[in-house]
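K.L.:
Sharing a structure below in structure tokens format, with a few things to ask.
The values are calculated or read from the model by the stated rules, or taken from the named source; none is laboratory data. None of the values given here were measured: they were computed from a predicted structure. All Cβ positions, glycine included, derive from the backbone under ideal geometry; neighbour counts span all protein chains shown.
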Amino acid sequence: MTDVTQVTLKDLRDWFSNERMKRYEDAAADPVALYVWNARLSKAYLEDIAHVEVLLRNFIANRLIAECGQKNWYDCSDYFGFDYEFKKAVERVRKRIRYSGRSLTPDRVIAGLSLDSWRFLLVRKLEPTVWKALRDQTNGGMPYYRSRRRKEFESHVVQLLELRNRCSHQEPLIQPNVTEEDNYLDARWENLLWIAHIINPKAADWIRNQSRVPDLRGQRPDPLNGLTSI
């Protein structure tokens, strides 16, 4: 087994490319430690994002079921006005379920839809149908979101999706200077908690309390030469 204490920056350059490692070289006295920290922080954010994603999809699905009276609401294109891309996403999920040999159920289709698909249900084009159903009190409404502004809610979900993609693709979370980095990471964490709170404040508190993000952020390797700028 490789002695991790003997892994050098040159090793990481060889494995992951010079270009990828350059940003870490410029950001910390120990770029190898910073690279490991970034990876661990990304996974911690992904844990929180996963909780919010499931919370979001169940919230949307339950409201749309209540609106149209069908568990397979995703087939009600005439009612909601779903576009071709969403219908194609649903069909891809169906194919995966069939290929796996499992029975095709609404719960499995809903669970199989990606965060991208849920985000596109929040676009302006669907405001008269989907958004109306989400905020309609007869369907359960949005009791913790009094303004009920679709554009604002969509913007928060877009930020969540961007963070999910960055973390999933092992992109750097580090920023050009430590202050900017702190502000960026604070904003992204508060954003995902904002979405959770709008849906269910108790769920948001639980996500916050079990999160590994705060502890990991406190373990960031020191900036290069003790400076606050990269």
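K.L.:
Please verify whether segment 34-55 includes one or more residues that are more than 21 Å from Leu121 (Cα to Cα) and either β-branched (Val, Ile, Thr) or not in a helix (DSSP H, G or I) (or both).
P.N.:
yes
K.L.:
Would it be correct to say that Leu64 is assigned to a helix (DSSP H, G or I), more than 26 Å from Glu190 (Cβ to Cβ) and more than 25 Å from the chain's Cα centre (by Cα)?
P.N.:
Answer is no for this residue.
K.L.:
With the requirement that a residue be over 13 Å from Tyr74 (Cα atoms) and not in a loop (DSSP other than H, G, I, E, B), what does segment 93-119 give you?
P.N.:
Within segment 93-119, Lys95, Arg96, Ile97, Arg98, Tyr99, Leu115, Asp116, Arg119 qualify.
K.L.:
If Ile110 satisfies every condition in (1) over 22 Å from the mean Cα position of the chain (by Cα); (2) at pLDDT 95 or above; (3) not polar (S, T, N, Q) but one, which is the exception?
P.N.:
Of the numbered conditions (1) over 22 Å from the mean Cα position of the chain (by Cα); (2) at pLDDT 95 or above; (3) not polar (S, T, N, Q), the odd one out for Ile110 is (1).
K.L.:
Further, regarding this structure: Which residue out of Ser155, Ser114, Ser100, Ser168 is surrounded by fewer than 12 Cβ atoms within 10 Å (Cβ to Cβ) and among the polar types (S, T, N, Q)?
P.N.:
One residue alone meets the criteria, Ser100.
K.L.:
Here's a follow-up. Against the definition (under 28 Å from Trp194 (Cβ atoms) and out of contact with any helix residue (DSSP H, G or I) (no Cβ under 9 Å at 6 or more places or on another chain)), how does Ala39 come out, yes or no?
P.N.:
Yes: the conditions hold for Ala39.
K.L.:
Under 7 Å by Cβ, and 6 or more places apart or on different chains, what pairs join a residue from segment 100-124 that is without any contact (Cβ under 8 Å) to a residue 24 or more places away in the chain with one that is outside any loop (DSSP other than H, G, I, E, B)?
P.N.:
Filtered contacts from segment 100-124: Arg102/Arg108; Leu104/Arg94; Leu104/Ile97; Leu104/Arg98; Arg108/Ile97; Gly112/Val93; Gly112/Arg96; Gly112/Ile97.
K.L.:
Let me ask another. Provide a single number: the residues in segment 174-213 that are surrounded by fewer than 19 Cβ atoms within 10 Å (Cβ to Cβ) and not in a helix (DSSP H, G or I).
P.N.:
6
K.L.:
Pairs, please: C-beta under 6 Å, at least 6 apart or cross-chain, first residue under 16 Å from Gly218 (Cβ atoms) and in segment 163-184, second among the small types (Gly, Ala, Ser)?
P.N.:
Ile174/Ala27
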